[in-house]
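To start, the structure under review is shown below, and the notes come after it.
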């Protein structure tokens, strides 16, 4: 529990820092921090239960996508403003670096393994965001239909 | 509709797209914004082709006497700036729903374009906080946090200074990562419980193209193959520059470190 709490706080800090570097409007920074930190916590829990960073990235990206869409609705803002800082903790930045590092050390097997994992993690994040986008779009259409039916009656 | 008005609309739409693309928006959002602005002004057929390095827009009103206008705008640099994206997004919403004139729209866009980022001091402080946090998220301890905090601040300031001097992004990444690795090695050699791997990992998180590679796959998934390839290549080159920087320093440390210390 204490472990999760420290991770949560640190992820809050990391997202805060990148929100400032990416110049998120000041009023939306707290929301970005929460989105990013919850995404990271989802990632940790998913990795703990499924023991695969790729599945973890997918779960984390789904959380970020969902929360970003909600925040975008609440603040009347483009959802990118929340997605970019939100996925920052998840993106396999260090993995890309270690792939290239192994390439420099002429470790071909290591390069292939880490490189593939990097691509799959980045792909999992992208697919997670895409799936959430589609789900939210469908929900929106359904709500509109339901409202139309309700007003007709 | 006069030719002059059509040209003004074209300039306005391209400018909105350019600001968004330079701020790092997704391709579909740029294309969508340009199309919306043109349609709101009553242009019948609009075609947009946007890439991270350029925007192509063609307008045509459909009548036989009307001429076709095409605009190609080259985009050189880009730096993520979410406030600009959000403001241009707001702008396109107000422009399409109210009867704002093209000239007024141009003034608003000029104002958005002039906006600056947060002060350098604040950004350096935040960069060091990010470096420290990431070094612990990757498994470092409290000492790693403090060291990454200091080294991260230095590296970010250095990267800002180099980009101010218009140094190529490859050399910039190489120098920053080399500095990070060098100071991390010195710190780890002088302080026993520090782990140089974690410090380097925290510091290079400031420069690694994680968002770029994720965005490139998002571009692929939404069908923008050229942009996806472009962003992927950019991500790989940046990663190579970082790895080369750290690799050189670690290699030299292996060779000479034993002699000096």
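Laid out as a table, the results:
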quantity	calculated
Meets criteria (surrounded by fewer than 19 Cβ atoms within 10 Å (Cβ to Cβ) and assigned by TED's automatic domain parsing to the domain that holds residue B:182) for residue B:93	no
From A:56, A:36, residue being touching a helix residue (DSSP H, G or I) at 6+ places or on another chain (Cβ under 7 Å) and within 15 Å of residue A:122 (Cβ to Cβ)	A:56
In segment B:203-261, the residues that are under 29 Å from residue A:17 (Cα atoms), assigned to a loop (DSSP other than H, G, I, E, B) and without any contact (Cβ under 8 Å) to a residue 40 or more places away in the chain	B:208, B:209
Lone qualifier among A:21, A:70 - being more than 14 Å from every other protein chain (Cβ to nearest Cβ) and more than 11 Å from the chain's Cα centre (by Cα)	A:70
Positions within segment B:81-140 being farther than 28 Å from residue A:10 by Cα and within 7 Å of chain A (Cβ to nearest Cβ), in sequence order	B:89
Condition met for residue B:132 (within 24 Å of the chain's Cα centre (by Cα), outside the structural domain of residue B:177 (by TED's automatic domain parsing) and surrounded by 14 or more Cβ atoms within 10 Å (Cβ to Cβ))	no
Within segment A:90-134, tally of residues that are within 7 Å of chain B (Cβ to nearest Cβ), under 14 Å from residue A:59 (Cα atoms) and not in a helix (DSSP H, G or I)	1
Among the candidates B:79, B:103, B:64, B:107, residue that is over 30 Å from residue A:133 (Cα atoms) and in a loop (DSSP other than H, G, I, E, B)	B:64
Checking residue A:56 against (1) assigned to a helix (DSSP H, G or I); (2) crowded, with 22+ Cβ neighbours inside 10 Å; (3) within 13 Å of chain B (Cβ to nearest Cβ), the condition it does not meet	(3)
Every residue from segment B:208-224 that is surrounded by fewer than 23 Cβ atoms within 10 Å (Cβ to Cβ) and either more than 7 Å from chain A (Cβ to nearest Cβ) or at pLDDT below 85 (or both)	B:220, B:222, B:223, B:224
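The values are calculated or read from the model by the stated rules, or taken from the named source; none is laboratory data. Computed from a predicted model, the values in this text were never measured in an experiment. Neighbour counts are summed over all protein chains in view; Cβ atoms, including those assigned to glycine, are modelled from backbone coordinates with ideal geometry.
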